[in-house]
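Engineer: Provided herewith is a single structure, encoded as structure tokens, for subsequent inquiry.
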Amino acid sequence: MNEAVARPLNLFEYEQRATDQLAAFAYDYYASGAHDEITVAENRQAFERIRLRPHVMRDVSARDLSTRVLGRAHALPIVAAPMAFQRLAHPQGELALARATSGLGVTMTLSTLATTALEEVAAAAEVPGWFQLYVYRDRALTRDLVARAEASGFEALVLTVDAPLLGRRERDARNAFALPPGLVAANLPSEGLRHLEGAPGESGLFRYFASLMDAGLTWDDVAWLRSITTLPVVVKGVLRGDDAALAVEAGAAGIVVSNHGGRQLDTAVATIDALAEVVEAVDGRADVLLDGGVRRGTDVVKAVALGARAVMLGRPLLWGLAVDGEAGARHVLELLVAELDLALALCGARRLEDLSADLLR
Ligand SMILES: Cc1cc2nc3c(=O)[nH]c(=O)nc-3n(C[C@H](O)[C@H](O)[C@H](O)COP(=O)(O)O)c2cc1C
């Protein structure tokens with residue numbers, strides 16, 4: 001980055017800066033949500049509505065941001081959300097994000113639809129990653145992806161359950177979204193599966209999902225997934241307590257309260273508003289995470305206070321990649337961590353376990 005230009009001060013400034021770096025169609029793909037993008041906005045507004053009731057006089061001179069997720073200690077309560085097609089942001093794409101995240105001890109979730117092969121990303125990361133799975137109607141193909149993820153050292157599978165069909169993102173339809181020449185869905189074994197075909201007024205990714213992904217999934221498929229892998233399964237995309245209980249009964253080790261960043265069902269509830277219900281239904285039987293609209297350290301405090309073990313961070317990492325590759329993504333994380341550390345101190349908490357729902361109003 002040009003040193004004469006001041007670095008962004010927060011995650012919102014990274015998005016502004018990224019708009020100058022990205023092709024318009026790529027920015028639209030990253031930023032957009034379904035239909036009227038009401039849930040995209042609501043994820044933020046719901047965080048903003050919550051007020052904090054801080055404690056004082058509690059000796060916060062030493063603070064600890066560590067947590068445990070899936071039985072392993074994590075230095076920070078942050079995991080990188082799975083996001084497809086990261087080479088649209090930067091030539092190093094997923095490799096740059098793997099280096100940036102793992103350098104800070106943060107686990108990265110690699111999308112099925114990555115533009116870099118999962119073996120290469122696993123080799124570049126210093127801490128074990130998670131592999132996000134979309135289930136193709138071709139179960140042999142799906143099984144092969146799972147076997148490769150397991151063999152490459154990924155630590156968990158993240159089964160995305162909120163996308164039987166892709167949400168309709170009108171910006172992508174308008175742009176007839178497709179991958180530019182040279183970029184492919186690199187985890188897939190054949191040319192037909194590696195490319196997206198846009199059409200006038202239609203997103204190539206929407207068409208890809210409709211033709212290839214399995215819209216027939218039920219909770220029984222979690223048992224199927226568990227039968228073909230020894231890795232723990234994290235179910236991503238739950239917004240209700242009853243579904244969370246079914247996920248646990250189906251054997252999920254983790255649940256991500258997510259509305260896919262507002263990209264699937266528009267007018268779905270904000271994730272922070274759904275979190276308490278899920279935490280109550282899970283009742284300690286699995287680790288609960290949350291994503292969607294996390295942009296400030298206080299957002300992380302609110303999620304943890306309501307029972308999340310960690311948050312997943314999405315789009316801001318792409319803005320960081322677009323602005324300055326690996327260094328930009330790392331700086332995005334550093335900004336969020338500094339805000340979290342400050343928020344913890346100002347809430348009168350020394351560690352994440354000190355946060356509880358009575359901190360919120
Ligand atoms: C550009 C983009 C691509 C995404 N690709 C995937 C994906 O491949 N698999 C998946 O489960 N979720 C995907 N998501 C959803 C994210 O994992 C996550 O739920 C969401 O972005 C979190 O919200 P935030 O961006 O507001 O932080 C994607 C999101 C974005 C913005």
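The values are calculated or read from the model by the stated rules, or taken from the named source; none is laboratory data. Computed from a predicted structure; not experimentally measured. Virtual Cβ from ideal backbone geometry, glycine too; neighbours counted across all protein chains shown.
Engineer: Among the residues of segment 75-109 satisfying the criterion of being in contact with a strand residue (DSSP E or B) (Cβ under 8 Å, 6 or more places away or on another chain) and surrounded by fewer than 22 Cβ atoms within 10 Å (Cβ to Cβ), which is nearest to Asp324 (Cα to Cα)?
Structural biologist: Here the residue is Ser102.
Engineer: Could you tell me which residue of segment 129-143 is farthest from Thr107 (Cα to Cα), considering only residues that are of a type outside the set (A, V, I, L, M) and surrounded by 15 or more Cβ atoms within 10 Å (Cβ to Cβ)?
Structural biologist: Tyr136
Engineer: Search segment 251-265 for residues that are closer than 16 Å to Arg315 by Cα and pair each with any residue that is assigned to a loop (DSSP other than H, G, I, E, B) and away from the ligand (no atom under 13 Å from the Cβ) when their beta-carbon atoms are under 8 Å apart and the residues are at least 6 apart or on different chains.
Structural biologist: If the second residue must be assigned to a loop (DSSP other than H, G, I, E, B) and away from the ligand (no atom under 13 Å from the Cβ), the pairs left are Asn259/Val269.
Engineer: Spot the failing condition for Gly241; the list is (1) surrounded by 24 or more Cβ atoms within 10 Å (Cβ to Cβ); (2) more than 14 Å from the ligand (Cβ to nearest atom), and only one is missed.
Structural biologist: (1)
Engineer: So if I check each of Arg17, Arg51, Arg72, which one is buried (at least 19 other Cβ atoms within 10 Å of the Cβ) and more than 16 Å from the ligand (Cβ to nearest atom)?
Structural biologist: It is Arg17.
Engineer: In the list Ala122, Ala114, which residue meets the criterion of being crowded, with 19+ Cβ neighbours inside 10 Å and under 25 Å from Glu197 (Cα atoms)?
Structural biologist: Exactly one residue qualifies, and that residue is Ala114.
Engineer: When you check Ala327 against the structure, is it surrounded by fewer than 23 Cβ atoms within 10 Å (Cβ to Cβ) and either in contact (Cβ under 8 Å) with a residue 40 or more places away in the chain or away from the ligand (no atom under 16 Å from the Cβ) (or both), yes or no?
Structural biologist: yes
Engineer: Can you tell me which residues in segment 211-243 are within 22 Å of the chain's Cα centre (by Cα) and small (Gly, Ala, Ser)?
Structural biologist: The answer is Ala215, Gly237, Gly241.
Engineer: Going through segment 290-311 one residue at a time, which ones are within 13 Å of the chain's Cα centre (by Cα) and within 19 Å of Asp64 (Cβ to Cβ)?
Structural biologist: Passing the criteria: Ala310, Val311.
Residues are listed down the side, and each one gets a yes or a no for (1) surrounded by fewer than 19 Cβ atoms within 10 Å (Cβ to Cβ); (2) aliphatic (A, V, I, L, M); (3) in contact (Cβ under 8 Å) with a residue 24 or more places away in the chain; (4) within 15 Å of the ligand (Cβ to nearest atom):
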{"position": "Ala149", "(1), (2), (3), (4)": "no, yes, yes, yes"}
{"position": "Thr160", "(1), (2), (3), (4)": "no, no, yes, yes"}
{"position": "Arg171", "(1), (2), (3), (4)": "yes, no, yes, yes"}
{"position": "Pro181", "(1), (2), (3), (4)": "yes, no, no, no"}
{"position": "Glu191", "(1), (2), (3), (4)": "yes, no, no, no"}
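Engineer: Pick from Phe177, Phe206: which is part of a helix (DSSP H, G or I) and crowded, with 20+ Cβ neighbours inside 10 Å?
Structural biologist: Phe206
Engineer: Just to be sure, is Gln86 within 19 Å of Gly314 (Cα to Cα) and more than 16 Å from the ligand (Cβ to nearest atom)?
Structural biologist: no
Engineer: Going by the conditions given, is Arg309 touching a helix residue (DSSP H, G or I) at 6+ places or on another chain (Cβ under 7 Å) and surrounded by fewer than 24 Cβ atoms within 10 Å (Cβ to Cβ)?
Structural biologist: The answer is no for Arg309.
Engineer: Can you spot a residue in segment 250-260 that is hydroxyl-bearing (Ser, Thr, Tyr), more than 13 Å from the ligand (Cβ to nearest atom) and closer than 22 Å to Leu340 by Cβ?
Structural biologist: Checked against the condition, which is being hydroxyl-bearing (Ser, Thr, Tyr), more than 13 Å from the ligand (Cβ to nearest atom) and closer than 22 Å to Leu340 by Cβ, segment 250-260 yields no hits at all.
Engineer: Can you say whether Pro181 is within 18 Å of the chain's Cα centre (by Cα), at pLDDT 95 or above and farther than 26 Å from Gly33 by Cβ, as far as the supplied structure shows?
Structural biologist: no
Engineer: Return the pairs, sorted by first residue and then second, in which the second residue is among the β-branched types (Val, Ile, Thr), the first residue lies in segment 109-135 and is farther than 19 Å from Leu70 by Cβ, the beta carbons are less than 8 Å apart, and the residues are 6+ apart or on different chains.
Structural biologist: Ala114/Val121; Thr115/Val184; Tyr134/Thr112; Tyr134/Thr160; Val135/Thr142
Engineer: Additional query: If you go through segment 244-268, how many residues are surrounded by fewer than 20 Cβ atoms within 10 Å (Cβ to Cβ) and either within 17 Å of the chain's Cα centre (by Cα) or aromatic (Phe, Trp, Tyr) (or both)?
Structural biologist: Of the residues in segment 244-268, 1 are surrounded by fewer than 20 Cβ atoms within 10 Å (Cβ to Cβ) and either within 17 Å of the chain's Cα centre (by Cα) or aromatic (Phe, Trp, Tyr) (or both).
Engineer: Yes or no: Ala41 within 15 Å of the ligand (Cβ to nearest atom) and not in a helix (DSSP H, G or I)?
Structural biologist: No: the conditions fail for Ala41.
Engineer: For segment 271-289, how many residues meet the condition of being within 14 Å of the ligand (Cβ to nearest atom) and under 15 Å from the mean Cα position of the chain (by Cα)?
Structural biologist: Residues meeting the conditions: 3.
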